[in-house]
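Q: Just passing along the structure, written as structure tokens.
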Amino acid sequence: IFFVISISAYCSFLALYYHLSFATDFWTTLFYTIILIASVYTVKYIFLHIVGWIFGISNVSDTYIFIVFLINKMIGIFLIPVIALLAFPTPALLPAVLTISYILIAGMLFYRFIISYRPVRSEIKLNRFQFFLYLCAFEIIPILTLARLVS
């Protein structure tokens with residue numbers, strides 16, 4: 001819940017900062033981003049549990065879900081100062097804060113991919129290319145699709 005609220009506030013402030021057409025009011029934008037992000041992670045959680053149950057790899061899917069939600073909690077905590085700086089912006093400081101936040105989020109997502117590879121590979125015999133295809137299909141393409149829909 002903390003991750004959903006913090007990343008939603010971050011996305012809402014970014015939408016207001018970039019003057020996106022749908023972001024006219026902060027609270028309305030925040031409400032819709034909370035619904036969107038919560039529904040995406042709920043569907044992902046349910047999908048991973050179902051796939052783990054169907055293929056008999058519940059241990060692997062539970063480990064992967066734990067890693068994903070652990071890193072998400074860390075991202076939520078690290079975004080608190082960024083959200084505060086976006087809420088009370090200093091024009092000279094804002095581009096640097098945004099750049100640092102982008103690097104932080106990208107680094108944490110990359111770290112999540114690296115950490116989740118080892119437990120998945122130890123239980124399921126797959127190579128790096130297959131894991132890369134999974135990342136593209138279930139991690140990267142949905143983010144790019146959401147970014148395309150927003151812009």
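The values are calculated or read from the model by the stated rules, or taken from the named source; none is laboratory data. Everything quoted here is computed from the prediction, not taken from an experiment. Please note: Cβ atoms are built from the backbone with ideal geometry, for glycine as well, and neighbour counts cover all protein chains shown. Side chains included, ligands, DNA and RNA excluded: accessible areas come from the protein's heavy atoms. Shrake-Rupley method; radii C 1.70, N 1.55, O 1.52, S 1.80 Å.
Q: Based on this model, can you work out whether Val51 counts as under 24 Å from Tyr18 (Cα atoms) and in a helix (DSSP H, G or I)?
A: Numbers: under 24 Å from Tyr18 (Cα atoms): no; in a helix (DSSP H, G or I): yes.
For Val51, the condition - under 24 Å from Tyr18 (Cα atoms) and in a helix (DSSP H, G or I) - is not met.
Q: If Tyr64 passes every condition in (1) at pLDDT below 90; (2) closer than 23 Å to Ser12 by Cα but one, which one does it miss?
A: All conditions pass for Tyr64, except number (2).
Q: Could you count how many residues in the range 37-68 are within 12 Å of the chain's Cα centre (by Cα) and surrounded by 15 or more Cβ atoms within 10 Å (Cβ to Cβ)?
A: Number of matching residues: 5.
Q: Working only within the range 29-59, note down all residues that are touching a Ser or Thr at 6+ places or on another chain (Cβ under 9 Å), more than 17 Å from Leu70 (Cα to Cα) and not hydrophobic (A, V, I, L, M, F, W, C).
A: Thr29, Tyr32, Thr33, Gly52
Q: Looking at the range 5-36 only, could you name the residues that are touching a residue at least 40 places away in the same chain (Cβ under 8 Å) and open to solvent by less than 30 Å² (accessible area, probe 1.4 Å)?
A: Selection gives Ser6, Ile7, Ala9, Tyr10, Leu14, Ala15.
Q: Report whether or not Leu98 is crowded, with 16+ Cβ neighbours inside 10 Å and either aliphatic (A, V, I, L, M) or in contact with a strand residue (DSSP E or B) (Cβ under 7 Å, 6 or more places away or on another chain) (or both).
A: Details: crowded, with 16+ Cβ neighbours inside 10 Å: yes; either aliphatic (A, V, I, L, M) or in contact with a strand residue (DSSP E or B) (Cβ under 7 Å, 6 or more places away or on another chain) (or both): yes.
Here the answer is yes, as Leu98 does meet what is asked.
Q: Checking the structure you have, find out if any residue of the range 124-140 is within 23 Å of Ile35 (Cβ to Cβ) and modelled with pLDDT of 85 or more. Before the answer, list the steps.
A: Restricting attention to the range 124-140, the residues satisfying the condition of being within 23 Å of Ile35 (Cβ to Cβ) are 138-140.
Retained after the next criterion (residues that are modelled with pLDDT of 85 or more): none.
There is no residue in the range 124-140 that is within 23 Å of Ile35 (Cβ to Cβ) and modelled with pLDDT of 85 or more.
Q: Got a number for residues in the range 1-53 being at pLDDT 90 or above and among the charged types (D, E, K, R)?
A: 0
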